[in-house]
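Report on the following structure.
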Amino acid sequence: MSMMRPNTSARTVCVSCLGRSRLFSTTIYHRTQQKSDASPSPPPRAGYARLTNRGLISITGVDSTTFLQGLITQNMLITNDPNHATRRTGSYTAFLNSQGRVLNDAFLYPLPQADRASPDDPAWLIEVDKNEVASLMKHLKKHKLRAKLKLRALEDGERTVWSSWKDDEQPRWAAYNLETPPASPFSPSSAIAGCIDTRAPGFGSRLITPGAEDLRSHVPDGTQVAGSEVGFEAYTVRRILHGIAEGQSEIIRESALPLECNMDMMKGIDFRKGCYVGQELTIRTHHTGVVRKRILPVQLYTGDQSALASADMPVYDPSVELSLPPSGSSIYKISTRRTRSAGKLLGGIGNIGLALCRLEQMTDITLTGERTQYIPEHEFKLSWPAAEEGSDHQEPEEVKIKALVPSWMRDFILSGGVRKNTRNREAEEGYRARELLEQLEEEESLRQKE
């Protein structure tokens, strides 16, 4: 495919180009005279967005930390701390059912000191899909029993959830994600909570502010928050380009598995913590299983696959007008006979989307020593019944789909993920311990000779 000069009326973008302001264009798509209302503009290099799709639950009381420790995939305690101190940072996490399926993806934040009834009592904010607040409240109350804590769903406008980013630049307060004091870049009297969004490298930060005012009224410093406010759709495009699923329209409640949703590589699971609801299947898959399906960003297109840009991320073109199939539509290889489903579409905007894909069928990733079904020339499609408009014999609609593996996902999968990294870390620590022991023994032997 040849590169074309950027067009001010039809801009295209991929995630690797967001930080370099490079514009890509393809020739395979049908270009319309006017931009579709359903396709927002590409996200800017730096900016922030109000996440109107997220709701908040507060949990306060002396038992709140212990209570959450038994329900979420993240560790509420600082790892390897001999005093078992409570973590002081926000984090990405998930609530599972007893079968190890995802109930809700969530972010968890320590409630700012300024909003606590007692500075010494633990208190937390849970950020979750806004449509799932009632369901999660019911789940929490079911497990509350006699625990000394209070649960409350926050009202609209009481607090606001934000995503903030600045491509190709690590925030100055990146230390917020480390378990070392200070726990927050904001003063203890600040009413702002937040954390680094670890779901993809350089994806940005998450912030919770009081009230419904603009983020700038709370964080005027441009070193902490860059750019200006953009629409929620721009955040969604950016999230899809990074391969991040969010909410129960994409992470299907009581169906999705946390490792298939990439929560292991997104630092949403602590595999060394104690028991929690759904831990058994998650740990067993982590230690002994192979994750054959993963949520990946996908390119939606028509025409010839060879004309697609050779990149590991989708190319977003807001001028492309494509009909999107219903969420959950099955993906099939284009062939003369009916084949096994290769995955399912979870959602999309314009010519990009997210899909749960069989890795060894839709990508060149090899998980075992066995032969894979992947052939580069094979194409995949989504088909669905056409909308009825007075005719019972309309042809079904169809669009082609190509799965792409971002570099950080590929590196994680091929390196063995958390399991192999943990083994390497343990082996290195063991080697250092043996080396230290040998050194001490040698020093003791020399001292005895003297």
Cβ-derived FRET efficiency at R0 41 Å, SER407 paired with SER135, nearest 0.05: 0.70
PRE reach from ASP156 (point 7 Å along Cα→Cβ): which of the range 100-133 fall under 15 Å by backbone N? 130-133
Can you give me the % of accessible surface on the range 289-415 that is carbon or sulfur? Probe 1.4 Å, all protein chains present, nothing else counted. 46
Expected field for TRP408, accessible surface area in Å² at 1.4 Å probe radius, rounded to 10, holds 60
How do SER335, SER329 rank by accessible surface area computed with a 1.4 Å probe, from largest to smallest? SER335, SER329
Report in % the part of the accessible area of the range 40-80 that belongs to carbon and sulfur, leaving out ligands and nucleic acids; probe 1.4 Å. 51
Tell me, what is the 1.4 Å probe accessible area of SER228, in Å² to the nearest 10? 70
Measuring with a 1.4 Å probe in the full set of protein chains, what accessible area per residue, in whole Å², belongs to the range 289-415? 49
Evaluated over the range 90-175, the Cα radius of gyration and Dmax, each in Å: 15.3, 48
Quick check for you: with a 1.4 Å probe and neighbouring chains kept, what is the accessible area per residue of the range 48-257, in Å²? 42
Order by protection proxy (mean Cβ within 10 Å, highest first), peptides 354-367, 206-219, 142-155: 354-367, 206-219, 142-155
Calculated P(r) tail over 12 Å for the range 221-260, as whole % of Cα pairs: 71
From largest accessible area down, sort VAL62, VAL161; use a 1.4 Å probe on the protein chains. VAL62, VAL161
Taking 45 Å as R0, compute the FRET efficiency from the Cβ-Cβ separation of ALA212 and PHE271 and round it to 0.05. 0.70
Considering the convex hull of the alpha carbon atoms of the range 216-328, report its projected area averaged over all viewing directions, in nm², one decimal. 11.6
The range 289-415 -> Rg/Rh from Cα coords, Kirkwood Rh, value 0.98
Once the whole set of protein chains is in place, how much accessible area is left on GLU229, using a 1.4 Å probe, in Å² to the nearest 10? 80
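The values are calculated or read from the model by the stated rules, or taken from the named source; none is laboratory data. Every value quoted in this text rests on a predicted model; they were computed, and no experiment measured them. For neighbour counting, all protein chains shown are included, and Cβ atoms are generated from backbone atoms with ideal geometry for every residue, glycine included. We work out accessible area using only protein heavy atoms, side chains counted, and drop any ligands, DNA or RNA first. Shrake-Rupley method; radii C 1.70, N 1.55, O 1.52, S 1.80 Å.
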